[in-house]
Every structure is written in C-alpha cells, then in structure tokens.
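Step one of this worksheet: look at the structure below.
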Amino acid sequence: TMSTTMTNEYFLEAKGLTKYYPIRSDLLARMTGRTVVLKAVDGIDFYVRRGETLGLVGESGCGKSTTGRLVARLLEPTAGSAYVQGRDIFTLDPSEILKLRKTVQFVFQDPYSSLNPRKTIMQIISRPLEVHGLASSFLEKRHRVIELLTMVGLGPEHVDRYPHEFSGGQRQRIAIARALAVAPDLVIADEPVSALDVSIQAQILNLFRQLQEELHLTYLFIAHDLSVIRHISNRVAVMY
C-alpha cells in the first residue's frame, strides 16, 4: 500500500519524525491539569542514499541521539514515519522487526557501558549470530567472531577476554564488530568517537571508512564535532 511504502531511491528516509516526552512533574502542569511536553525531536525530514554517509550534526540536546534511536526503532515516535528500503519501519510486525534488526545496526557512544562486563568478547559478539540463526555450531561461531575481530583490527588472542581488559578504543572496535556480526546494510553510529581520546578518534574514524568501502555500508553518523563530521560524511544535515 502507498501508506507503508515509498520509492526505493533512498535507503533510509525520515518524514516529519517527532518525539515528545511528557513532563508531569512541572508545577504549572499540575495546577492546570495540562501535560507539558519536552520536544526532543520536532518534525524532521532527511534521507540517506545507499552507500553514502549522512553526517547528522548539532549541539548537545538538539535531539540527534533521539533521532538515531527512532530510525533504528529503539524508540517509538510521537508522529512521523521512517522508511528503510521503502518500508515504514513503524508499521512492521514482530518478525519483520527482527529482519530490520539484521539490516540496521547501532553503535553507541560509550564503549564502557555498551558492552556487558560479565560476558567475554566471544559471548558478546556471538550473541547476534545466535539471535538471527547465523551460526549452527560453536566452532562456526568462534570462527566468525575471530573473523569479525580481525576485521576491526583485533585478533584471535582477544576472543576469551572480558571488556575491562581493553582500552576505550579497543572496546569501540569490539562494539563495531558486534554491529557487523549480522552483516547489516545500514549502521547508525551515535557519537561513536566522542568518549575516546583525540589520538584514538582518527583511528576509529578511519576504521569506519575502511569498513564502509569493504562491506558497502550505509552510515548515519551522529556527532557534535564538525571536524569528525567533515572527515567521514558525504552530506551533512544540521539539527538546531
């Protein structure tokens, strides 16, 4: 139907994307009985073509991260639509959402909190393979995890270690390997270098670029730092 499909010209397209949060603790709201809302994202439109990087840039608090989470369907919108390969992701049924999770992966800002400290790197990276039924035996899983670690500049010697044994840059490499485990088409990276030392940032940005070329990835790259955005983006969208 026309309502749930768009042209396939864009890999990802947002239309009137809106996210409001009610603030109930506001004194005026309690006196008047009205709900005051925080407008996290207020009706935005953008598109990303297959194989390109759209840099989404703006100051802290402008709603960039909320936007990223909406188009990854980690949040439900107040209004608006987002289309991945022409399908409105907010109208998908549960089995289609699982397929979306394979197509669209997310890299979070903080590599310290996004990896479970109680799990080994093997367990962390192999989990998406289990969820999507992409590896049948333990050996096949292990082989794939080592392959992914090698892809992001780590090695087989890291596979049985825990997150606390790695530096911030290495942890972000592990988080990227986890995102790539299911062979996604689109990676949404939410400030993926802002928690890292400046000396490490360029290495991780270069890794993103290299992986994009090798794996033909499409990126929505969220950042507040214009030099980061300039280094990686084909086009830039500015949020106020």
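The values are calculated or read from the model by the stated rules, or taken from the named source; none is laboratory data. The shown structure was predicted, so the numbers you read here are calculated from the model rather than taken from an experiment. Using ideal geometry, Cβ is built from the backbone for each residue, glycine included, and neighbour counts are taken over all protein chains shown. Keep in mind that these areas ignore ligands, DNA and RNA; they rest on the heavy atoms of the full protein, side chains included. Shrake-Rupley method; radii C 1.70, N 1.55, O 1.52, S 1.80 Å.
Do we have Arg235 as surrounded by fewer than 17 Cβ atoms within 10 Å (Cβ to Cβ), of a type in the set (Lys, Arg) and in contact with a strand residue (DSSP E or B) (Cβ under 6 Å, 6 or more places away or on another chain) here?
Against the criterion (surrounded by fewer than 17 Cβ atoms within 10 Å (Cβ to Cβ), of a type in the set (Lys, Arg) and in contact with a strand residue (DSSP E or B) (Cβ under 6 Å, 6 or more places away or on another chain)), Arg235 qualifies.
Can you run down the residue pairs with Cβ atoms below 7 Å, 6 or more apart or on separate chains, where the first is in the stretch 225-240 and of a type in the set (Ser, Thr, Tyr) and the partner is in a loop (DSSP other than H, G, I, E, B)?
From residues that are of a type in the set (Ser, Thr, Tyr), the pairs are Tyr240/Cys62.
Just one of the numbered conditions (1) open to solvent by less than 10 Å² (accessible area, probe 1.4 Å); (2) assigned to a loop (DSSP other than H, G, I, E, B) is not true of Leu134; which one?
Of everything listed in (1) open to solvent by less than 10 Å² (accessible area, probe 1.4 Å); (2) assigned to a loop (DSSP other than H, G, I, E, B), Leu134 misses just condition (1).
I'd like to check something: does the stretch 189-206 contain any residue that is closer than 18 Å to Val71 by Cα, of a type in the set (A, V, I, L, M, F, W, C) and at pLDDT 95 or above?
Looking for residues that are closer than 18 Å to Val71 by Cα, of a type in the set (A, V, I, L, M, F, W, C) and at pLDDT 95 or above, one finds at least one in the stretch 189-206, hence yes.
Which condition from (1) open to solvent by 30 Å² or more (accessible area, probe 1.4 Å); (2) modelled with pLDDT of 95 or more is the one that Arg101 breaks?
(2)
Quick one: is His143 open to solvent by 20 Å² or more (accessible area, probe 1.4 Å) and either in contact (Cβ under 8 Å) with a residue 60 or more places away in the chain or within 29 Å of Leu75 (Cβ to Cβ) (or both)?
Against the criterion (open to solvent by 20 Å² or more (accessible area, probe 1.4 Å) and either in contact (Cβ under 8 Å) with a residue 60 or more places away in the chain or within 29 Å of Leu75 (Cβ to Cβ) (or both)), His143 does not qualify.
Pick from the stretch 106-131 the residues that are under 16 Å from Asp185 (Cα atoms) and touching a residue at least 60 places away in the same chain (Cβ under 8 Å): which of them is least open to solvent (accessible area, probe 1.4 Å)?
This residue is Val107.
Filter the stretch 34-78 down to the residues that are in contact with a helix residue (DSSP H, G or I) (Cβ under 9 Å, 6 or more places away or on another chain) and hydroxyl-bearing (Ser, Thr, Tyr), then identify the one that is farthest from Phe90 (Cα to Cα).
Among those residues, the one meeting the criterion is Thr35.
Restricting attention to the stretch 204-224, report how many residues are surrounded by fewer than 15 Cβ atoms within 10 Å (Cβ to Cβ) and polar (S, T, N, Q).
Residues that pass the stated criteria total 2.
I'm told Thr103 meets every condition in (1) without any contact (Cβ under 8 Å) to a residue 40 or more places away in the chain; (2) out of contact with any helix residue (DSSP H, G or I) (no Cβ under 8 Å at 6 or more places or on another chain) except one. Can you identify the failing condition by its number?
So the condition that Thr103 fails would be (1).
What do you reckon, is Ala195 in contact with an Asp or Glu (Cβ under 9 Å, 6 or more places away or on another chain), open to solvent by 40 Å² or more (accessible area, probe 1.4 Å) and not in a helix (DSSP H, G or I)?
For Ala195, the condition - in contact with an Asp or Glu (Cβ under 9 Å, 6 or more places away or on another chain), open to solvent by 40 Å² or more (accessible area, probe 1.4 Å) and not in a helix (DSSP H, G or I) - is met.
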